[in-house]
Amino acid sequence: MHYPPGLTGGSFDGGGNLWVAVPSEGTVSAVTAAPLPDAPAASGGAGGSGQSPAIVRTVDVADPSHDLTISTLDDGVAVLNRTTKTLTTVKGDDKLATPLTLDGLGSLPPRTNGPRVPVTVPDARHVWVVDPDKPVHDFEVPGEGAKLEPAVAWAGRFYAADASTGTVYVFDENGQLVNKIEIKGANGPLELEVRENYLFINAPNSQNATVVDDKHEVRTVDKYANDVLGGDPPPPPPPPQKQDPPVGKPGAPRSVVATGGNTEVTVGWRSANPNGADITKYVVEGDGKTIEVGASQRSVKITGLVNGQEYRFSVHAVNEKGAGPKKQSNPVVPTSEVPDPPASVTAEAKPDGTVVVKWPAANGQGLDIRKYTVTAVAAGAAAPAGESTSTELVVPAGELEYGNQYAFQVVSVNERGGASTASPVSNSVVPFTVPDRPASLDVTTVKGKAGTLNAVWAAPAENGRPITKYVVDAGGNRTEVTGTSAEITGLGEGANVTVKVRAVNEAGEGAEASATGRTVATPSVTVTGSSATVTAVTVNFTVNDGGGNATCSLDVGGKTANGDCGTLAVGGLTPGTTYNFTVTVTNAAGSATGTGSRATPAIFGTAVCINNTASTDPAQHTWCSEGNGMGIYNGTNMRSGTAGRAGNGTRIEAICHTTGEGINDYVYNPGKMGTNPNDSTNVWIRIKWQGAERYISFAWFNLEGVGDPDELGSLPAC
């Protein structure tokens with residue numbers, strides 16, 4: 001099978017037919033696959049069974065050179081003529097053309113399920129629905145921007161994906177919004193496909209995909225197993241949002257060139273500036289004719305002209321704002337004296353983005369060849385690529401779209417302006433060059449690691465070849481990664497480091513993106529104050545964490561506390577003691593300390609033994625005076641040895657309390673215990689006595705600052 005260059009489409013309908021559109025002819029064609037052979041070809045033979053694919057049918061759906069896009073149906077195909085804004089459905093022998101009032105350049109999904117065909121105008125965020133049983137209706141998609149994917153029909157609803165926000169809007173058959181599906185971490189395009197009785201919503205840049213069943217139940221699935229040590233890498237940041245340009249009528253086409261053939265003229269031109277709105281068509285006028293040409297064609301052949309007569313043609317572009325200015329072609333005279341076309345054409349894509357097109361010299365049939373005109377042919381499009389006076393043309397970098405497949409045809413033009421027919425189509429090439437600069441590079445401190453930064457970026461345009469890796473330069477270190485993030489180690493402490501990232505493809509390293517980050521520095525600490533109770537010391541301090549995750553501790557007399565970097569306290573201390581303290585702050589880069597000292601307040605009490613002169617017992621009048629009570633001992637019983645005796649009212653510093661022999665003060669410490677001889681206390685107080693630590697029974701000792709002589713107050717246990 002042979003078709004003219006510039007095919008578009010290539011999807012199967014529900015009946016197994018492959019549909020392609022031929023814009024240069026204004027037709028669509030259904031093709032069936034060749035049947036499989038009954039047995040494999042003999043080894044070493046020519047292979048195959050001699051059977052080929054077959055054209056089932058070809059249907060006229062538009063004038064030649066109109067822009068066509070197709071969506072295959074359950075049975076047949078829907079064809080959108082973007083030049084005339086007409087949707088034609090072909091089902092069996094039935095062909096139905098429906099004119100639409102689109103407010104921009106329409107698009108279709110590759111496949112449409114069910115009878116209703118949605119036509120989307122991304123720039124206007126508008127969807128038209130063509131239903132064979134109802135009038136055409138339309139609805140608008142919420143939001144802003146032109147990154148709207150073609151709406152997809154599924155189980156009686158329409159799903160419109162917005163790549164700029166990662167949102168899929170869901171509408172019922174009447175165009176009412178019934179749901180919104182947020183795709184977590186989309187950060188780029190959204191792909192919608194119906195297969196196996198499900199609608200699959202895939203975000204290539206996300207770990208998640210979304211599945212919708214025919215009851216419109218939504219389920220999120222993890223595309224990748226999360227069994228990699230350290231978990232998921234951070235998601236790439238979204239690309240920066242670009243401001244929409246102001247919208248106006250298109251500019252004039254560039255470089256309108258007419259070449260004459262035998263009773264025909266070919267007019268070609270370079271694209272006009274769209275001025276913020278997609279060009280929907282070009283209009284060619286001349287010889288009393290008006291011809292509409294698709295926005296992607298940019299070349300048209302005008303036949304039925306008179307040889308020897310001079311013609312001029314004009315071309316203007318049209319967008320949603322109207323018609324732009326006209327551009328006149330050169331004068332052209334059709335002639336029967338035309339040269340032969342070049343016999344063959346070859347093309348080669350170079351890493352610098354150029355494409356080199358070559359051909360052998362053509363036969364001028366007795367006249368000199370003055371130039372050659374080259375046309376680039378892509379899927380659904382044809383446009384002039386340039387002219388050359390030699391047998392080679394270098395198409396400049398950026399003139400063709402990187403990543404698109406192109407073939408080329410060459411026309412010979414002789415000294416009298418006569419043009420040959422087009423040469424055979426060259427081999428196909430895909431223009432490419434180095435990738436763009438990575439977008440949205442963000443460099444942050446890894447707080448838990450010394451000398452480490454983390455860089456995250458968004459993938460740039462690949463420019464025709466897949467990105468194979470990224471080169472990351474930082475602090476004299478060069479590393480290579482395949483993802484869009486890198487952890488950079490081995491840097492200095494507290495260093496300001498510039499990180500440079502380049503994307504690499506087959507053409508080499510692209511332009512660098514750069515950003516600066518600072519690694520974790522050694523922390524510092526300043527003690528701002530301290531306070532103490534009888535058993536605890538509290539220290540206040542400020543910390544510079546050096547950009548890392550800082551931890552803090554306080555040491556007071558060998559006892560420690562960990563916690564808040566600002567205030568820490570250590571308890572369990574001894575009253576009346578001066579303590580040295582140390583505050584330590586630590587992060588990944590090191591530690592720093594602050595020191596000081598603080599004394600805990602002393603606790604005092606009074607020795608008490610008062611003669612009971614009110615008693616009728618004369619012995620009680622002098623009992624305390626005769627050396628009884630208030631004994632100071634080496635231990636917590638009277639058998640431990642006497643260290644002395646306190647006098648009534650002697651003020652003594654207390655250290656702590658413990659237990660020992662039970663002692664009864666009887667009536668000689670008023671308010672203490674009871675007056676029954678069996679009322680005793682086994683509490684003993686450790687005290688400071690004559691430069692040493694000794695003991696006195698609590699029966700003869702009342703602590704200061706308590707309301708009841710039997711209370712121990714804040715005196716700690718020993």
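What to note about this one:
- Filtered residue count, segment 390-400, keeping only those that are assigned to a loop (DSSP other than H, G, I, E, B) and either farther than 11 Å from residue 376 by Cα or of a type in the set (Phe, Trp, Tyr) (or both): 5
- A single entry from 333, 283 fulfils the requirement of being surrounded by 15 or more Cβ atoms within 10 Å (Cβ to Cβ), farther than 21 Å from residue 409 by Cβ and out of contact with any Gly (no Cβ under 7 Å at 6 or more places or on another chain): 283.
- Every pair of residues 6+ apart whose Cβ atoms lie under 7 Å, when the first sits in segment 622-651 and is farther than 12 Å from residue 689 by Cα while the second is part of a helix (DSSP H, G or I): 629/700; 630/700; 648/624
- Some residue of segment 141-148 being under 31 Å from the mean Cα position of the chain (by Cα), of a type outside the set (A, V, I, L, M) and on the phi > 0 side of the Ramachandran plot: yes
- Residue 386 falls short on exactly one of the conditions (1) over 38 Å from the mean Cα position of the chain (by Cα); (2) buried (at least 22 other Cβ atoms within 10 Å of the Cβ); (3) not hydroxyl-bearing (Ser, Thr, Tyr), and that condition is (2).
- Residue ID - nearest to residue 446 (Cα to Cα), chosen from residues in segment 510-522 that are assigned to a loop (DSSP other than H, G, I, E, B) and in contact with a Lys or Arg (Cβ under 6 Å, 6 or more places away or on another chain): 512
- Lone qualifier among 151, 146 - being in contact with a Pro (Cβ under 9 Å, 6 or more places away or on another chain), within 30 Å of residue 460 (Cβ to Cβ) and modelled with pLDDT of 95 or more: 151
- Qualifying residue in segment 213-230 (condition: surrounded by fewer than 17 Cβ atoms within 10 Å (Cβ to Cβ), at pLDDT 85 or above and hydrophobic (A, V, I, L, M, F, W, C)): yes
- In segment 402-447, residue farthest from residue 544 (Cα to Cα) [restricted to those that are among the acidic types (Asp, Glu) and modelled with pLDDT of 95 or more]: 436
- Of the residues making up segment 312-328, not a single one is among the hydroxyl-bearing types (Ser, Thr, Tyr), in contact with a strand residue (DSSP E or B) (Cβ under 6 Å, 6 or more places away or on another chain) and at pLDDT below 90.
- Subset of segment 302-330 [outside any strand (DSSP E or B) and touching a residue at least 60 places away in the same chain (Cβ under 8 Å)]: 320, 321, 324, 325, 326, 329, 330
- Restricting 586, 574 to residues that are surrounded by 15 or more Cβ atoms within 10 Å (Cβ to Cβ), among the polar types (S, T, N, Q), in a strand (DSSP E or B) and touching a residue at least 40 places away in the same chain (Cβ under 8 Å) narrows the list to 586.
- Some residue of segment 540-550 being aromatic (Phe, Trp, Tyr), under 46 Å from the mean Cα position of the chain (by Cα) and modelled with pLDDT of 95 or more: yes
- In segment 74-113, the qualifying residues are those that are part of a strand (DSSP E or B) and among the charged types (D, E, K, R), and the one that is farthest from residue 21 (Cα to Cα) is 94.
The values are calculated or read from the model by the stated rules, or taken from the named source; none is laboratory data. No experiment lies behind these values; they were computed from the predicted model shown. A quick note on method: Cβ atoms are made from the backbone with ideal geometry, for glycine too, and the neighbour counts reach across all protein chains shown.
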